[in-house]
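Let me begin by presenting the structure, written as structure tokens, before commenting on it.
The values are calculated or read from the model by the stated rules, or taken from the named source; none is laboratory data. Owing to the predicted nature of the structure, the values given are computational and were not obtained by experimental measurement. Cβ placement follows ideal geometry from the backbone for every residue including glycine, while neighbour counts extend to all protein chains displayed. Each accessible area value is taken on the protein alone, full model and side chains, heavy atoms only, with ligands, DNA and RNA left out. Shrake-Rupley method; radii C 1.70, N 1.55, O 1.52, S 1.80 Å.
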Amino acid sequence: MMKRKIAGILLIVLSLGTLGFWELWGRENMTYDRVLVLKESLPKNTLVTEDMFREKKIEKAGDGVILSSQRDELKGLETSQYVPAGTELYREYFQESIFAVGEEEGKYILSVPPQWLKAFPQTLRRGDRAFFYCAGEPVTDAIVAYVRDGTNQEVYYGDDERLISSSSVSLIEVVVDREQASLLGKLAEKGNKFVLLYY
């Protein structure tokens, strides 16, 4: 009789121990999906790096959610929209970098000298597509890589409408290929000045 009581008590303790183990460690570590989230919110056109991500465990990842094991797929990509911190990530939140430069891409950064410019919007910012006009005619367009002030600091905007900026724009750098750089250089050598527009 005593042996049955001991066996019963042991079964209860074992059951409670197993249940506690499952609830405290097992369920989360054995059945939850490990997904990637951002540590901090990122604006559009931000190149993502390994240290921007953290792992989050969720009960069931939805279709298209990027799992922790798929981290390498995001290397070299940038955000295609504003992405808030802590939310599950989807592939459509990212795109190939529009700022990629180098021999392989055939793209380079061109610093547009102030003397080349007749007019440009003070609300221009990184990631905009700038259109170069010369004598009223479109010449070419390029992605704006950097917009700096007189102290060579990046100009930032405190709101989406670009009503509040950190400073005035003094220097504009764009991503161009060799043909675009040559074309702009030749026109500038002839004394032409450009009007920059964006939309």
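For segment 32-45, a residue qualifies if it is touching an Asp or Glu at 6+ places or on another chain (Cβ under 7 Å) and open to solvent by 20 Å² or more (accessible area, probe 1.4 Å), and the qualifying residues are Y32, R34. Just so you know, in segment 46-66 the residues that are among the aliphatic types (A, V, I, L, M) and part of a strand (DSSP E or B) include one that is surrounded by the most Cβ atoms within 10 Å (Cβ to Cβ), and it is V65. For a quick check of your reading of the model, give me the residue pairs whose first member lies in segment 78-102 and is over 19 Å from I143 (Cα atoms), whose second is of a type outside the set (A, V, I, L, M, F, W, C) and open to solvent by less than 20 Å² (accessible area, probe 1.4 Å), with beta-carbon atoms closer than 8 Å and at least 6 apart or on different chains. Qualifying pairs under 8 Å: Y93/T79.
Per-residue answers, yes or no, for (1) closer than 19 Å to Y156 by Cα; (2) of a type outside the set (V, I, T); (3) over 13 Å from the mean Cα position of the chain (by Cα):
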position	(1), (2), (3)
L36	no, yes, yes
N45	yes, yes, no
L77	no, yes, no
Y90	no, yes, no
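For segment 115-165, the candidate set comprises residues that are touching a Ser or Thr at 6+ places or on another chain (Cβ under 6 Å) and surrounded by 18 or more Cβ atoms within 10 Å (Cβ to Cβ); within that set, the residue that is nearest to S80 (Cα to Cα) is V155.
Among the residues of this structure, S41 does not count as one that is in contact (Cβ under 8 Å) with a residue 12 or more places away in the chain, farther than 28 Å from I172 by Cα and among the small types (G, A, S). Selection within segment 72-114: residues that are of a type in the set (S, T, N, Q) and within 28 Å of F53 (Cα to Cα). The member of this set that is most open to solvent (accessible area, probe 1.4 Å) is Q81.
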